[in-house]
Amino acid sequence: MPPAVETSGLVKSFGHYTALRGIDLKVPVGSTLAVFGPNGAGKTTLIKILASIMRPTSGKILIEGLELKDNAEMLRTRLGLVAHQSYLYGNLSAWENLDFYARMYGVEDRSRRIGELLDLVNMTGRKHDRLSTFSRGMQQRMALARALLHKPSILLLDEPETGLDQQALGAMWDIIKREEAGRRTIIFTSHSFERALAVCDDVVILERGRIAFKAQACTLNLGGLKQKYQECTAVVEK
Amino acid sequence: MKFWSSVAAIAWKDVLSELRTREIIFSVLVFAVLVLVIFNFAFDLSPDLMLQIAPGILWVAFAFSGVLALNRAFIPEREENCLEGLMGCPVGREAIYVGKALGSLFFMVLVEAVILPVFALLFNIAVLQPELIVVTLLATIGFVAVGTIFSALAVNTRAREMVLPILFLPVVSPVIIAAVKASAISLNGQSWGDMTIWLAIILAFDIIYLTVPFLVFPYVVEE
């Protein structure tokens, strides 16, 4: 079975600035990868490229053995993305937002699936309310529901904990794990070592667009990870 | 099939969102009616002379209210970065362009359907002529087709209210000029044959304005 995600020599430049400098990754099916790094390390760029929202300058990406560049439209049905922003429309209700994205993803039996997800994220009671009336935490739950609508086999999460309190954070990971039941590959970026270590199988630390450290989570404890992170980011400061 | 169902979903989403707020329709209508009223008071001309300048007044109202509408077209996609959400969907970027253009076309046609009777009332000119309606529809298609891509380009600029008209109006001017000429022929009661050349120009630009943005839109939104 090919890895869920495989990248080789991934480079992304914005004019003279290079955000990613040759990223080589291999994420096995069903595993969870945590990506750490200081601001500007290239985490969001990496997630956007994997989600095929952004094109890499060079390098190769294989999603479940298929090249992303040549099969982007088809492979997007296998990818779910939760980003910094919710990607949801403030003027539409929770139901209308999910219905819109369900149509875009060609989800079958839309009403049933939307009902399921609203239940899962505990938003059924607010399904007819406009998104603009929701708190940040509620919007983040809706963003998660949107990302899970089409049952993606790979879930990409870009700092999903942003703006969430500890309780909401726990609930979010509970939802992700409950829905996927161990079959889904997850790649997420985070600044929360403790939370990330509790859920991931592998860890990567990015610095200035390069992989500075890569390890299995089971070989690390919280102190060890923090120390590695400090070492990697100290290299940047020098 | 997937392409057109996605296009329909995007256009319907825009219509639904606008029906909630009525931000575009109200502001554009008020502006267009105001333009017509000001021109009505500014010129006190004989019916014959009025027929000569009326097409220009009509298209000033259409064009500037259209710019106002197109300025707002990509605002909902910028808030919460929804454009990225659309780009992550399993459809070609072209479907996003066509969906957004169809949504804008719906608003423009709706506004024009209100402006035309107001224009007829204020200037005492008969507008219920198939020639004028065809010219208006064809020119609006070209206007929206090229305006949608400039709207996507301008939305992330700081002074988008200025950037859009500066970029867009020079490019769309052939369509507006041809539409003014064809409308004048129509309002003067002349036949289809007299406006063939202007209709051909509008049609040619419609084809160009539909094809080029369709091809370049993926690069506009990705880079």
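Bear in mind these aren't lab numbers, they're just calculated from the coordinates by the rules spelled out. This one's a predicted model, so the numbers in the text were calculated from it and none came from an experiment. When we count neighbours, we look across all protein chains shown, and the Cβ atoms used for this are built from the backbone with ideal geometry, even at glycine.
Table for the structure above
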item	result
DSSP-defined beta bridges in chain A - what % are antiparallel, rounded to 5	55 percent
Binned Cα-Cα distances of region A:152-222, short to long, each 5 Å bin given as a whole percent	3, 14, 25, 26, 20, 9, 2
Whole-Å semi-axes of chain B's equivalent ellipsoid (Cα gyration tensor)	32, 19, 15
Cβ-Cβ FRET estimate between B:THR157 and B:LEU122, R0 fixed at 45 Å, reported to 0.05	0.80
Whole-percent pair-distance distribution, where bins are 5 Å wide, for the alpha carbons of region B:77-124	5, 18, 16, 15, 12, 9, 8, 7, 6, 3, 0
Förster radius 30 Å - calculated FRET efficiency between A:LYS151 and A:HIS128 (Cβ-Cβ, nearest 0.05)	0.75
Averaged over B:2-8, number of beta-carbon atoms from partner chains that fall within 10 Å	2
B:LEU169 versus B:ILE53: modelled label distance in nm, points set 7 Å from Cα along the beta carbon direction	1.9 nm
Separation of alpha-carbon centers, region B:12-27 and region A:144-212, rounded to whole Å	35 Å
Ascending count of other beta-carbon atoms within 10 Å, so fewest first, for B:CYS89, A:CYS232, A:CYS218	A:CYS218, A:CYS232, B:CYS89
All-pairs Cα distance distribution in chain A, expressed in whole percent, bin size 5 Å	1, 6, 14, 18, 19, 16, 13, 8, 4, 1, 0, 0
Counting DSSP beta bridges with both ends in the protein assembly as shown, the antiparallel % (nearest 5)	55 percent
Exceeding the 25 Å Cα-Cα cut-off - candidates A:LYS127/A:LYS151; A:LYS43/A:LYS69; A:LYS177/A:LYS228	A:LYS177/A:LYS228
Peptide B:72-84, shielding by other chains (average Cβ, 10 Å cutoff)	4
Pair A:ARG110, A:VAL11: separation of 7 Å Cα→Cβ label points (nm)	4.4 nm
Computed lengthening from B:GLN129 to B:TRP4, 0.36 nm per intervening residue step minus Cα-Cα distance	41.8 nm
Taking A:LYS48, B:LYS100 and counting other C-beta atoms within 10 Å, the order from fewest to most	A:LYS48, B:LYS100
Distance from region B:165-197 to region A:1-43 (C-alpha centre basis), Å	53 Å
Over region B:100-223: Rg over Rh, Cα atoms, Kirkwood Rh	1.02
With Cα atoms, 0 to 90° folded angle of helix B:47-73 axis to chain B main axis	10 degrees
Added length on full extension, which subtracts the Cα-Cα distance from 0.36 nm per residue, A:ARG183 to A:THR57	42.2 nm
FRET efficiency, 1/(1 + (r/R0)^6) with R0 60 Å, evaluated for A:ASN221 and B:PHE26 via beta carbons	0.50
Hydrodynamic radius of region A:108-238 per Kirkwood, over alpha carbon pairs, in Å	16.5 Å
Taking the convex hull of Cα positions in the protein assembly as shown, its mean projected area over all directions (nm²)	24.8 nm²
Tilt relative to chain A, helix A:94-104 - C-alpha long axis, 0 to 90 degrees, to 10	70 degrees
Relative contact order of region A:5-237, pairs being alpha-carbon contacts under 8 Å that are 6 or more residues apart, as %	29 percent
Distance in nm between pseudo-label sites at A:ASP174 and B:VAL15 (7 Å out along the Cβ direction from Cα)	4.2 nm
Peptide-level mean, for A:83-94, of C-beta atoms on other protein chains within 10 Å	6
Dipole-positive endmost among B:LEU116, B:VAL171, B:THR136 within region B:2-222 (Cβ charges, Cα centre)	B:VAL171
Nearest 10 degrees, 0 to 90: helix B:93-123 Cα axis against chain B principal axis	20 degrees
